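Report on the following structure.
The values are calculated or read from the model by the stated rules, or taken from the named source; none is laboratory data. This one's a predicted model, so the numbers in the text were calculated from it and none came from an experiment. Every residue, glycine as well, gets a Cβ built from its backbone with ideal geometry; the counts of neighbours run over all protein chains shown. Ligands, DNA and RNA are stripped out before the accessible areas are found, and what is left, the full protein with its side chains, is counted by its heavy atoms. Shrake-Rupley method; radii C 1.70, N 1.55, O 1.52, S 1.80 Å.
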Amino acid sequence: MVDFIKLYPEVVNNWARAWSETERERPWAYKRVQDSMTISQMEGKLWLVSEMENLNLGCKRAALLGGWFAQFITPLLIDTLGFEFVGNYDIDKDAQLISYKFNRRYKTTEQYKAYSSNLLIKSFKKLKQGPYDCVINTSCEHMYPMRLFRKLNPDWNGFYILQSTNEKKYVDHINCVNSAEELAQQSEMKEVLYQGEKLLNNGMTRFMVIGT
């Protein structure tokens, strides 16, 4: 079980600078940075990486859909699971720039890159980026169903690692589900290798499915 991030000195330095630079340069985004650093955010990412490790998927290159600032998932994938590259696709330009501050260490070593793109309207081929062996979306409730990604990338056959929730009280939760089974059906998953749910520290239930 993975229950912590390997907190190297460079990671601590990157995070400290990300906080101070965001407050100074992009104060309108500072509250979003705070919201991204909660216990529940960490719980979800630790759970995801634990189950990926248990399944021994052998993945080395991840595409994050709606990865936000990616400050938890990136070190977990690279330093814990040994990923070679993480590409973060988020439509928010602030998220792209701030994520580089949090992940400066991995940007420097060319293990991390952030794109201001929406992969539910553009295919991998059109963007000419990749190749990836897994797609990770921990924010399915914030976007259209993942079946759209499949439609845009019919020839892509890697692993899907998806999380969502049934919590509908937030305006930007436009696509909630009531179970892991519903999440798998919504993404048209062909083979489910893992499905489960977890009650997080904030009282929200998250569902996760891993498969192809």
What is the number of the single condition among (1) modelled with pLDDT of 95 or more; (2) in a helix (DSSP H, G or I) that ALA62 does not meet? (2)
Can you find a residue that is open to solvent by 10 Å² or more (accessible area, probe 1.4 Å) and closer than 16 Å to ALA63 by Cβ anywhere in the range 187-196? no
Please go through (1) in a helix (DSSP H, G or I); (2) touching an Asp or Glu at 6+ places or on another chain (Cβ under 6 Å) for LYS107 and return the number of the only condition it doesn't satisfy. (2)
Some residue of the range 139-149 being modelled with pLDDT of 90 or more, under 28 Å from GLU110 (Cα atoms) and among the polar types (S, T, N, Q): yes
Count, please, the residues in the range 1-58 that happen to be exposed (fewer than 13 other Cβ atoms within 10 Å of the Cβ), within 20 Å of ALA95 (Cβ to Cβ) and in contact with a helix residue (DSSP H, G or I) (Cβ under 6 Å, 6 or more places away or on another chain). 1
Of a type outside the set (A, V, I, L, M), within 18 Å of LEU46 (Cβ to Cβ) and open to solvent by less than 50 Å² (accessible area, probe 1.4 Å): does that describe GLN163? yes
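Please work out which residue is farthest from the chain's Cα centre (by Cα), limiting yourself to the range 82-95 and to residues that are closer than 9 Å to SER116 by Cβ and surrounded by fewer than 20 Cβ atoms within 10 Å (Cβ to Cβ).
Filtering the range 82-95 down to residues closer than 9 Å to SER116 by Cβ leaves 89-93, 95.
Those left that are additionally surrounded by fewer than 20 Cβ atoms within 10 Å (Cβ to Cβ): 91-93.
On the way: ILE91: 13, ASP92: 14, LYS93: 16 Å.
Restricting to residues being closer than 9 Å to SER116 by Cβ and surrounded by fewer than 20 Cβ atoms within 10 Å (Cβ to Cβ), the top hit is LYS93.
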Quick one: what pairs do we get from the range 180-197, first residue over 15 Å from TYR144 (Cα atoms), second aromatic (Phe, Trp, Tyr) and in a helix (DSSP H, G or I), C-beta under 9 Å, 6+ apart or different chains? GLY196/TRP47
